[in-house]
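Working notes, structure below.
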Amino acid sequence: MEIFQNISELRKEISGGKFTLGLVPTMGYLHDGHISLIRRSKGQNIKTAVSIFVNPTQFNRAEDLDNYPSDLSSDITILEREGVDYLFTPDLFHIYPEHFETEINVGSVSLPLEGASRPGHFNGVATVVCKLLNIFRPDTVYFGQKDAQQCSVVQTMVKDLNIDVRVVVCPTIRDSDGVALSSRNINLSKCERESAILINKGLFQALAEWEKGQKKASILKNIVRQKISSSPLNHLEYVSLARQNDFIEQNCAERESIISVAVMVGSTRLIDNVVLK
Ligand code: AMP
């Protein structure tokens, strides 16, 4: 695996290459969720690139950024094992040099839920993803369904700005207890981890009710709310039932509607979702 920090060296290596390139953008501290994206890319491209960059502009709480876990040497071992071709681990100044001023605002899909809870978050995401797409010019870029609103923001940006890339969304990978894998899970205490299980339990209970015929969003959201709030360690920030492409709230659940939640479990913020299908 070739490791780059410098953008022009990376470009020299990959530009004009006669191969299909898949890109997996990450913030590192890799787990099986990231690996599923990498394997999908490996299956669909001649070469696979991974970026590891903890993007400060998408964090609205300094504490969250400071507590974000990292372990580059373990990540490199995993990436070597997975047969990744290129790793891009820029420093802050590589991505945001002095006098950097441009910001991408994707509009209405970036406003509710994560956008409302974390002002500026999606501008940070869209800007860094756009930069990565310009740097790599991959044929395909891979994202995880766990960050469903992020996927819709990126898909909207790619369409609106005519960026020549295919966006592939991969399913959420869960631990054996159902908790969605996340780099942030490492910050959970044992008790908090038990509480976190209620997040997916609530979501899948609502899915089961929908499968039995319940269509009312208020009732489905209440199922999720009650389950998650049954632990005093969980503080539910939002529960939403929305259309997946634009995240407009719905009163009546349809096929492909998405129920999403954000929960503070102790001091760790987790998000998760389930698609009704
Ligand atoms: P992150 O490092 O958290 O920014 O995540 C990098 C990519 O991995 C994003 O596209 C995430 O949606 C995806 N991802 C994170 N967790 C999971 C998971 N449990 N299952 C599938 N994809 C995931």
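The values are calculated or read from the model by the stated rules, or taken from the named source; none is laboratory data. Just so it is clear, the model here is predicted, and its values are computed rather than measured. Note that we place each Cβ from the backbone using ideal geometry, even for glycine, and neighbour counts take in every protein chain shown.
Looking at L203, is it touching a residue at least 40 places away in the same chain (Cβ under 8 Å), among the hydrophobic types (A, V, I, L, M, F, W, C), within 15 Å of the ligand (Cβ to nearest atom) and touching a His at 6+ places or on another chain (Cβ under 7 Å)?
No; evaluated as a whole, the condition is false for this residue.
Here are some residues: D91, D85. Which one is surrounded by 15 or more Cβ atoms within 10 Å (Cβ to Cβ) and on the phi < 0 side of the Ramachandran plot?
Testing whether each residue is surrounded by 15 or more Cβ atoms within 10 Å (Cβ to Cβ) and on the phi < 0 side of the Ramachandran plot leaves just D85.
Which members of the stretch 226-249 meet the condition of being more than 16 Å from M264 (Cβ to Cβ) and over 21 Å from the mean Cα position of the chain (by Cα)?
Residue satisfying the conditions is Q226 alone.
Select the helices (runs of 4 or more DSSP H) contained entirely in the stretch 1-80, then report the ones holding at least 3 residues which are modelled with pLDDT of 95 or more.
Here the list reads 7-14, 32-44.
Tally time: how many residues in the stretch 166-198 are crowded, with 17+ Cβ neighbours inside 10 Å and farther than 21 Å from V224 by Cβ?
Final tally of qualifying residues: 5.
Just a yes or no: is a residue in the stretch 173-194 part of a strand (DSSP E or B), touching a helix residue (DSSP H, G or I) at 6+ places or on another chain (Cβ under 6 Å) and modelled with pLDDT of 95 or more?
yes
Kindly indicate whether V128 is under 30 Å from S240 (Cβ atoms), among the hydrophobic types (A, V, I, L, M, F, W, C) and part of a helix (DSSP H, G or I).
Taking the combined requirement at face value, the residue satisfies it.
Of all residues in the stretch 31-51, which are near the ligand (Cβ under 8 Å from one of its atoms) and surrounded by fewer than 24 Cβ atoms within 10 Å (Cβ to Cβ)? Break it down stepwise before answering.
Taking the stretch 31-51 first, the residues near the ligand (Cβ under 8 Å from one of its atoms) are 31-34, 36-37.
Answer for the stretch 31-51, where residues must be near the ligand (Cβ under 8 Å from one of its atoms) and surrounded by fewer than 24 Cβ atoms within 10 Å (Cβ to Cβ): H31, D32, G33, S36.
If the requirement is being exposed (fewer than 15 other Cβ atoms within 10 Å of the Cβ) and farther than 30 Å from G124 by Cα, which of these qualifies: K227, K159, K216, K201? Let's see the steps before the verdict.
Details: K227 fails: exposed (fewer than 15 other Cβ atoms within 10 Å of the Cβ); K159 fails: farther than 30 Å from G124 by Cα; K201 fails: exposed (fewer than 15 other Cβ atoms within 10 Å of the Cβ).
Just a single option satisfies the conditions, and that option is K216.
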